[in-house]
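Chemist: The following block contains the structure, expressed as structure tokens.
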Amino acid sequence: MHEQLEQALREHIRSGRLMPEARLPSSRALAAQLGISRGVVVEAYAQLTAEGYLVSGQGAPTRVAPAASAERPPVPATSLEPRRPYDFAPELPDLAGFPREQWLRCLRAALRGAPFAALGPGDTRGTSELRNELMAYLGRVRGAAPEPEHTLIGGGFAHGFAALCRVLRQRGLERVAVESPGWHVHRLVAAGAGLEPVPVPVDEQGIQVDGLAASGCEVAVLTPAHQYPTGRVLAPERRAALLEWAEDEDALIVEDDYDSELRYDRMAVGALQGLAPERVCQVGSLSLRLAPALRMGWILSPSWLTGALTYELGLSGGTPAVLDQLALTDFLARGELDRHLRRMRSRYRSRRQALVAALAQCLPEAQVEGIPAGAFAFVSLENRLDPGAIASAAAERGVAVQPAEAGRPALVLGYANLTEPAIERGIACLARAIRA
């Protein structure tokens, strides 16, 4: 009963019904009013006095504390992400296509079969079961050359890349080469770790290795299998020159392998990491392969970086939950990821075709560049257009698009998370925004 009385008085003070300096009845009077024991009131008053809501003194009445002011009711939590009917976000897969039943089956199997020890803190590098399964998958599908002892599990690309940047900064590195145009997250994460991002131009064949050599950087982060945002593939001669640069300069290549299995015209080129495991640190994630909400990825580390990376990942505390890791292990072992990606390739191919057709009809002056792959398309526009103004005008019509930082008017249009009819309607709205 004293807890109920405390809660009621506390809420009255917070809401302003009992103002600062307001006088309360004596414990005897309030007990008589409520028909309860005086001891209940005394205990409630004592607790609220200890918390600072009430003040009392010898021979003085109990009052609301001067500092106990009325508080506004809490504002309900809202999302920072604006919701628009047609969201062409390039970083989203088909969220409705997430294999819920298969994932749930694997999660249940992991929970049933996990030993009691699996419920402990776990290995900072990730469970040995997942690292072994990833070794088999990445070797078979990506042509990588991983070793379980140098395969680390993290909370996605940004988490793994941030840990790598901190390790490199601790080793005295000050600058890192990034693609221009490139993914802004590469620059932000590097800068957040104290490294200076140095832009290196990208052309139709990928990153310009001559420009990379002239930059004086000892580390370069790039997207060789499907360059973001241009959608190009690093040409074979550039791949050879890049690896030669790394060998000659004792440099490190950071390979962002974010969507390599999502190619629709042929098999994707193999991972750079498979050609030079000691010169290439591959960072991959499940964000586009399955869903960003899983917060799971991997690092295929050169042997000379593994110890420092393991320590840094442990400090950051971003290792995914052990049960999720065991679920992914089962998911890979059952071949569920292979089946899911086959379904998504077929679906994304159709959605990309719908995007190209809608652009040809509504915006014939726009040009789609890059290979048929991934979850986005690079769309170049007429020189007179301002991509930023287009994005603002489109947002007013319920269409979310992302300007490309390409040095020329262009947009990056994601299509994976929109149905074909939604793509057609969204492009029609975008065309009206551009004309306006």
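Chemist: Would you mind calculating the gained length between Arg343 and Gln361 on full extension (0.36 nm times residue separation, minus the Cα-Cα distance), in nm to one decimal?
Modeler: Computed gain between Arg343 and Gln361 is 3.7 nm.
Chemist: How large is the accessible surface of Glu218 in square angstrom, using a 1.4 angstrom probe and rounding to the nearest 10?
Modeler: Its accessible surface works out to 100 Å², give or take rounding.
Chemist: How large is the accessible surface of Leu104 in square angstrom, using a 1.4 angstrom probe and rounding to the nearest 10?
Modeler: About 70 Å², rounded to the nearest 10.
Chemist: How large is the accessible surface per residue of the chain, computed with a 1.4 Å probe and reported in Å² as a whole number?
Modeler: Details: 20590 Å² over 436 residues.
Dividing the accessible area of the chain by its residue count gives 47 Å².
Chemist: Using the C-alpha atoms of the range 119-180, what convex hull volume per residue, in cubic angstrom, is computed?
Modeler: 131 Å³
Chemist: Return the ratio Rg/(2.2 N^0.38 Å) for the range 1-98, where Rg is computed over Cα atoms only.
Modeler: 1.83
Chemist: Still on this model: Taking just the C-alpha trace of the range 358-411, give me its Rg and Dmax in Å.
Modeler: Rg and Dmax of the range 358-411, Cα atoms, are 11.2, 31 Å.
Chemist: Arg432: accessible area at probe 1.4 Å, nearest 10 Å²?
Modeler: 120 Å²
Chemist: Separate question: Per 10 Å bin from zero, what fraction in whole % of the C-alpha pairs of the range 290-413 is there, up to the bin with the longest pair?
Modeler: Taking all Cα pairs of the range 290-413, the binned fractions are 10, 27, 24, 24, 15, 1 percent.
Chemist: May I pose another question? List the trypsin sites (Lys or Arg not before Pro) within the range 331-394 that DSSP assigns to loop and that have no more than 10 neighbouring Cβ atoms inside 10 Å. Intermediate results must be reported in sequence, preceding the final value.
Modeler: Numbers: sites: Arg334, Arg339, Arg342, Arg343, Arg345, Arg347, Arg349, Arg351, Arg352, Arg384; in loops: Arg334, Arg384.
Passing sites in the range 331-394 are Arg384.
Chemist: For Ala214 and Ala67, what does the FRET efficiency come to when R0 = 60 Å and r is the distance between their Cβ atoms, rounded to the nearest 0.05?
Modeler: In this case the efficiency is close to 0.40.
Chemist: Could you order the peptides 114-121, 88-95, 197-204 from most to least packed, using the average number of other C-beta atoms within 10 Å per residue?
Modeler: Details: 114-121: 10.1, 88-95: 20.5, 197-204: 17.0.
Those peptides, ordered most packed to least, come out 88-95, 197-204, 114-121.
Chemist: For the chain, what does the relative contact order come out to in percent, with C-alpha contacts under 8 Å and a separation of six or more? Provide the component values of the computation, followed by the final result.
Modeler: On the way: 771 pairs, mean separation 85.1, N = 436.
Relative contact order comes out at 20 percent.
Chemist: Would you calculate the convex hull of the Cα atoms in the chain and tell me its volume per residue in Å³?
Modeler: In the chain, the Cα hull volume divided by residue count equals 224 Å³.
Chemist: Here is a follow-up. On alpha-carbon atoms, Rg over Rh for the range 82-154 using Kirkwood Rh?
Modeler: Taking Rh as the inverse mean 1/r over Cα pairs, Rg/Rh reads 1.08.
Chemist: For q = 0.13, 0.14 Å⁻¹, what log10 I(q)/I(0) does the range 329-378 give under the Debye formula with an equal point scatterer on each alpha carbon and no solvent?
Modeler: At q = 0.13, 0.14 Å⁻¹ the computed log10 ratios are -0.42, -0.47.
Chemist: How big is D, in µm² s⁻¹, for the range 155-280 by Stokes-Einstein at 10 °C and 1.306 mPa s if Rh is the Kirkwood radius over C-alpha pairs?
Modeler: D = 109 µm²/s.
The values are calculated or read from the model by the stated rules, or taken from the named source; none is laboratory data. Remember, it's a predicted structure, so these values are computed and weren't measured experimentally. Because the Cβ atoms are built from the backbone with ideal geometry, glycine has one as well, and the counts that use them run over all protein chains shown. Ligands, DNA and RNA are stripped out before the accessible areas are found, and what is left, the full protein with its side chains, is counted by its heavy atoms. Shrake-Rupley method; radii C 1.70, N 1.55, O 1.52, S 1.80 Å.
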